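The values are calculated or read from the model by the stated rules, or taken from the named source; none is laboratory data. For clarity, every value in this text was computed on a predicted model and none was experimentally measured. So basically every Cβ, Gly included, is an ideal-geometry build from the backbone, and we count neighbours across all protein chains shown.
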Amino acid sequence: MGKLRDNTISGLLPTNHAFAVHYPGYPLSKRRAIETLGGTQSILKVHGLQSNKLELRFRPEDPYSHPTYGELRPCCCFLLKICHSKGDAIEGIMKDEREVPIEDEVNLKFEMVAHVPEAYHFEGMADYQHVVATHADATKRKKGSWTEMREPCLVIYTGKVNVIDVDKEDIMILVPPLFAVKDVPESLVLKPPATIIPRKKAETLHIPYEVDIEPVLAIDFNIKDIPKTVNWEKYIPQGSEQWDVQVAVSKLFEERPIWPKESLIERLPNMGLDFRPGTFRRLLSRIAYYFSSGPFQRFWIKKGYDPRKDRDSRIYQRIVFRVPLSLRSYCDPNASNTLSYRRAEISAFQVFPSKFLTSLQLFELEDDYIQEEIRKPSEETSCSYETGWFSQRILNCLRQRVMMRFLSVFPTSGAEALLRAASESFERLKREYRKDCSKIDQGNDHQANAALINEDKLEANYAEDDEEDDIAIESGDEGLDAYEEFDMM
């Protein structure tokens, strides 16, 4: 037993553990409270599963009762068992606190029964669905069983003529067609009716110019016309914060017309720009678009610029590095949700990528051989879906070069044999290309092209953090696409 002195208690800490349930109401009895929670066995089973949700039904006998859920949260409490002398209760005397001497505190005995490290809290709306009217009891007494009350309802459903006398407190037990989709109350801002908007104010309302902008969907590479340039300066007030941010993003596309998303994410904070969630994609959608596939897949391209018609766009093409199967145990399968390494470090071949698949831009790769090759005049007459403005032989050389550079910085042992094979393959491809650039094995090219066509399907298994190609921009400041979710605040 513990002791009580000067309004403080002292005693031994218990070794037993328990959990508590903060019941959101005043039950008639402890038995009824346990019944609404599903029973003792159900409570213990839910707690053992650590599901973090305890179901509560205020009317468990009603099959249409909508449950509310308690959330398991940590706490630091103790369960106390307090005992008091029954002398005063027997005499029936209610003493004033001022009349109780301090010495009587020793009559209180308590025991620390258990340590309570966690408890269930209910914060949702407990019982907000349709309930039968209060006069149901009176009708039940008049009509007898509920089966007799349900017969008129069945007659209506079958189409027979039988009028229900509602004035005499007869009831139709009809389940509401739709329950509320909210379990926790939220503040809602309702739009005012159009009839109460003053005419002058209505005349000055402007439709957001995003309505006139083409949706930023994943554009097919073979599409005939690309999105045209949008005059966003006409709709954003000059000198505003939004104006300054949009100008800064536009200057990046003046610097170069094609950007990987990850490079923009790293570049914008260096310019001192902060964004709310959803703002990043909205800024890009005003001035850029992207292809769903092809040599520029998922790269943001300045509106009005068509890389398929400009041979100089070859330096901005996309190249993919896939980690060899024998080294994939090093990679983190969940790394697609975070930027494990900075884009600049990966492009400089300073670190080994932590993703199974990494999309890179040739322009950003810090390698003398790659930069020399991509700046040579293109001999292709058109931009193909498989290789862009490069021939298959050059593209194979570039891929082997990227593989060789990344294997050279693999952080642990086990990549030596792969590095040696990649180096030999790279040197062999260079010799073959220099030996005979004009003669191409049509059969080998056909097989290589077929493999490249399936490249997009393989990438689906190792999807990066920018999925959801077909999601358009939502109107308003709260629109947020999972593909471009980005918060720099």
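Name the one entry in L418, L395 that is at pLDDT 90 or above and more than 20 Å from Q297 (Cβ to Cβ). After ruling out the rest, the residue left standing is L418.
Every residue, every condition in (1) touching a Ser or Thr at 6+ places or on another chain (Cβ under 6 Å); (2) within 23 Å of F291 (Cα to Cα), yes or no:
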residue	(1), (2)
Q317	no, yes
E364	yes, yes
E373	no, no
C383	no, yes
T387	no, yes
S391	no, yes
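Restricting the range 25-58 to residues that are in contact (Cβ under 8 Å) with a residue 40 or more places away in the chain and under 11 Å from Y69 (Cα atoms) leaves a set whose member that is farthest from the chain's Cα centre (by Cα) is L56. Hey, among the residues in the range 49-65 that are of a type outside the set (A, V, I, L, M) and either closer than 17 Å to I34 by Cβ or not in a loop (DSSP other than H, G, I, E, B) (or both), which one's modelled with the lowest pLDDT? Of everything passing the filter in the range 49-65, S65 is modelled with the lowest pLDDT.
Taking the stated definitions as given, is F179 among the aromatic types (F, W, Y), modelled with pLDDT under 65 and not in a helix (DSSP H, G or I)? Yes: the conditions hold for F179.
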